Amino acid sequence: MKRSYMKALAISNVTSADAARISEVPIPEVRPGWALVRVRGFGMNHSELELRRSEIRAQYIKKPIIPGIEGVGEVADPSDTGLAVGEKVCMLMGGMGRMWDGSYAEYCLVPASQLFSIPEAAWQLPWATLAAIPETYFTAWGSLFEGLRLETGDTLLVRGASCALGYATLQIAHALGCRVIATTHRESYVEPLRDFGADEVVIDDGTLFKKGVRATKALELVGPKTLRDTMCCLQPGGICCDTGILGGVFTLDRFDPIKEIPNGRYLTGFFSNYPTQEAMDEVFEFVAKHGIEPHIAKVFDFGRLVDALAMQDGGSFQGKIVVTNEG
């Protein structure tokens, strides 16, 4: 008999790891324009933590919802998408895990617009490695090349570098031949950041400009909390891309762009909600070509998803938490 149920984490209210439970839910029914994917792995993200902590209350969140804004796996039923059964794919963003059920499950029904073939160059990578790539490395890639127009020889400041996105950024910029300045609040993170490509690590007390930090390009991952100071660290002609909100401040209060963007410097941002097949090909091929190994904090089997959530809730980890289901 064909299997009709799958294991998944579905939530309707604020859910800590202590309250999370894997349950059985129906496997989604395939419909035109969507493909059913057998999930083989997914990386965990800060936005999913925010969903469980508070965003689940928002009216725009489908409830109950299966979290997970990214994942990798194999096509189980391609419907009319043109993909092949068994093809290795990744899926990310576009409302995944908020508007429609995400990857914290054995199967995921994905619209063709958010489903991308994994290029042959990366097929040899294990599922745990593939799972750590889609959202994190696409966001790093878009921030660096679409936002900052990063080039070999640039000096790149990565503010808030000791997160999964920060580490991915260091690796890409280092492979490109840039000089990289990374910031962190913890002395214990200095050596790991150097190991992943930072040429200089600065302990961030909120005033990098006064410390003499200067760069041609800056990736702001702390967000509006430190953006003004980061802009001042730019050399003439420099660009700052605001991508993260690690500082917990989401908007700039009373921001005066005429006075607060230094003359001859540029401010932009990157929103990772619109991946393309071309961009995902570039990301996976670059990672494979340069032998980049994502900074994975720990890999959990899907049956230990609740333990992975507990690690995420605790916050005392570096890199990406990855969950795999290879059975």
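What the table shows:
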{"item": "Lone unmet requirement of (1) under 21 Å from Thr184 (Cβ atoms); (2) within 16 Å of the chain's Cα centre (by Cα) for Ser272", "result": "(1)"}
{"item": "Of all residues in the range 117-133 being of a type in the set (A, V, I, L, M, F, W, C) and over 16 Å from the mean Cα position of the chain (by Cα), the one that is nearest to Gly303 (Cα to Cα)", "result": "Trp127"}
{"item": "The range 61-82 residues that are basic (Lys, Arg), paired with ones that are surrounded by fewer than 20 Cβ atoms within 10 Å (Cβ to Cβ) and part of a loop (DSSP other than H, G, I, E, B) (beta carbon under 7 Å, 6 or more apart)", "result": "Lys62/Met99; Lys63/Ser12"}
{"item": "Residues (assigned to a loop (DSSP other than H, G, I, E, B), aromatic (Phe, Trp, Tyr) and buried (at least 20 other Cβ atoms within 10 Å of the Cβ)) located in the range 98-154", "result": "Tyr104"}
{"item": "Out of Ala17, Ala10, sole residue that is touching a residue at least 24 places away in the same chain (Cβ under 8 Å), more than 25 Å from Leu221 (Cβ to Cβ) and assigned by TED's automatic domain parsing to the domain that holds Lys298", "result": "Ala10"}
{"item": "Unmet criterion (only one of (1) part of a helix (DSSP H, G or I); (2) assigned by TED's automatic domain parsing to the domain that holds Ala173; (3) hydrophobic (A, V, I, L, M, F, W, C)) for Val249", "result": "(1)"}
{"item": "Condition check for Ile258: at pLDDT 95 or above, aliphatic (A, V, I, L, M), at negative phi and outside any loop (DSSP other than H, G, I, E, B)", "result": "no"}
{"item": "Count - residues of the range 98-116 that are touching a strand residue (DSSP E or B) at 6+ places or on another chain (Cβ under 8 Å) and either of a type in the set (Ser, Thr, Tyr) or within 23 Å of Gly327 (Cα to Cα) (or both)", "result": "12"}
{"item": "Qualifying positions in the range 66-88 - under 26 Å from Ile321 (Cβ atoms) and not in a loop (DSSP other than H, G, I, E, B)", "result": "Glu70, Gly71, Val72, Gly73, Glu74, Val75, Ala76, Lys88"}
{"item": "Scan of the range 270-290 for residues that are surrounded by fewer than 14 Cβ atoms within 10 Å (Cβ to Cβ) and not hydroxyl-bearing (Ser, Thr, Tyr), ordered by number", "result": "Phe271, Asn273, Gln277, Glu278, Lys289, His290"}
{"item": "Of the criteria (1) farther than 23 Å from Gly315 by Cβ; (2) in contact (Cβ under 8 Å) with a residue 40 or more places away in the chain; (3) in contact with a strand residue (DSSP E or B) (Cβ under 6 Å, 6 or more places away or on another chain); (4) not aliphatic (A, V, I, L, M), which one Glu146 fails", "result": "(3)"}
{"item": "Any hit, the range 291-310, residues being crowded, with 18+ Cβ neighbours inside 10 Å, on the phi > 0 side of the Ramachandran plot and not aromatic (Phe, Trp, Tyr)", "result": "no"}
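Yes or no, residue by residue, for (1) at pLDDT 95 or above; (2) in a helix (DSSP H, G or I); (3) outside the structural domain of Leu234 (by TED's automatic domain parsing); (4) buried (at least 16 other Cβ atoms within 10 Å of the Cβ):
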{"site": "Leu156", "(1), (2), (3), (4)": "yes, no, no, yes"}
{"site": "Ser162", "(1), (2), (3), (4)": "no, no, no, yes"}
{"site": "Leu170", "(1), (2), (3), (4)": "yes, yes, no, yes"}
{"site": "Ala182", "(1), (2), (3), (4)": "yes, no, no, yes"}
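The values are calculated or read from the model by the stated rules, or taken from the named source; none is laboratory data. This one's a predicted model, so the numbers in the text were calculated from it and none came from an experiment. Glycine also receives a Cβ, built like all others from the backbone with ideal geometry; neighbour counts cover every protein chain displayed.
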